[in-house]
1. Is it true that Gln24 is part of a strand (DSSP E or B), of a type in the set (S, T, N, Q) and touching a residue at least 12 places away in the same chain (Cβ under 8 Å)?
2. When the residues of segment 27-38 are narrowed to those that are surrounded by 14 or more Cβ atoms within 10 Å (Cβ to Cβ) and not charged (D, E, K, R), which ends up nearest to Ala75 (Cα to Cα)?
3. Being farther than 14 Å from Ala69 by Cα and either of a type in the set (Phe, Trp, Tyr) or under 13 Å from the mean Cα position of the chain (by Cα) (or both) is the filter here, so list the residues in segment 16-38 that pass it.
4. With the requirement that a residue be modelled with pLDDT under 95 and hydrophobic (A, V, I, L, M, F, W, C), what does segment 32-62 give you?
5. So Lys9 ticks every box in (1) free of Cβ contacts under 8 Å to residues at least 60 places away in the same chain; (2) loosely packed, with under 14 Cβ neighbours inside 10 Å but one. Which box is left unticked?
6. Kindly indicate the residue of segment 52-62 that is part of a strand (DSSP E or B) and touching a strand residue (DSSP E or B) at 6+ places or on another chain (Cβ under 8 Å) and also farthest from Ser19 (Cα to Cα) among those meeting that condition.
Amino acid sequence: SIPAVQRAKGRVATVAVNSFVFKQPIFIGDVVSFYTRIVKTGNTSITVDVEVYVQRDPANPTCHQVTEAQLTYVAVGEDRKPRPLPQI
C-alpha cells in the first residue's frame, strides 16, 4: 500500500485484512482505479480503507464501485520486526 509505505517512511507488512467486499465483478477491458486513505494509525500500525472503481465504457466516463476493503499494516525494520511509526 503506497499510503502506508509513505506514512511509515519505509517497509510495511500486511497483518490483517479487516474486510473485503466484492460488490460487482471486474471484466476484461474495464479500466480499474484504486483509491485509498489512511483511517487510523497506532504506534506501529496503519489502517487503510480501499475503494475500487471501474469504468466499463470508454465512451461513457461513468464509474462504478466494485470493491471495498480495509487492511492493516505494520511498519517493519530491516530485521522484519515491528518498529514505531515516525512522528509527523
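1. Working: part of a strand (DSSP E or B): no; of a type in the set (S, T, N, Q): yes; touching a residue at least 12 places away in the same chain (Cβ under 8 Å): yes.
No.
2. Ile38
3. Taking segment 16-38 as the starting set, the residues that turn out to be farther than 14 Å from Ala69 by Cα are 25-32.
The one that is farther than 14 Å from Ala69 by Cα and either of a type in the set (Phe, Trp, Tyr) or under 13 Å from the mean Cα position of the chain (by Cα) (or both): Phe27.
4. Of segment 32-62, the ones modelled with pLDDT under 95 are 56-62.
If the condition is that a residue be modelled with pLDDT under 95 and hydrophobic (A, V, I, L, M, F, W, C), then Ala59 is the only one that fits.
5. Only one criterion is unmet by Lys9, namely (1).
6. Step by step, filter segment 52-62, then rank; the result is Pro61.
Residue-wise test of (1) surrounded by 13 or more Cβ atoms within 10 Å (Cβ to Cβ); (2) within 14 Å of the chain's Cα centre (by Cα); (3) in a loop (DSSP other than H, G, I, E, B); (4) aromatic (Phe, Trp, Tyr).
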residue	(1), (2), (3), (4)
Pro3	yes, yes, no, no
Lys40	no, yes, no, no
Val50	yes, yes, no, no
Gln65	yes, no, no, no
Glu68	yes, yes, no, no
Thr72	yes, yes, no, no
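The values are calculated or read from the model by the stated rules, or taken from the named source; none is laboratory data. For clarity, every value in this text was computed on a predicted model and none was experimentally measured. Please note: Cβ atoms are built from the backbone with ideal geometry, for glycine as well, and neighbour counts cover all protein chains shown.
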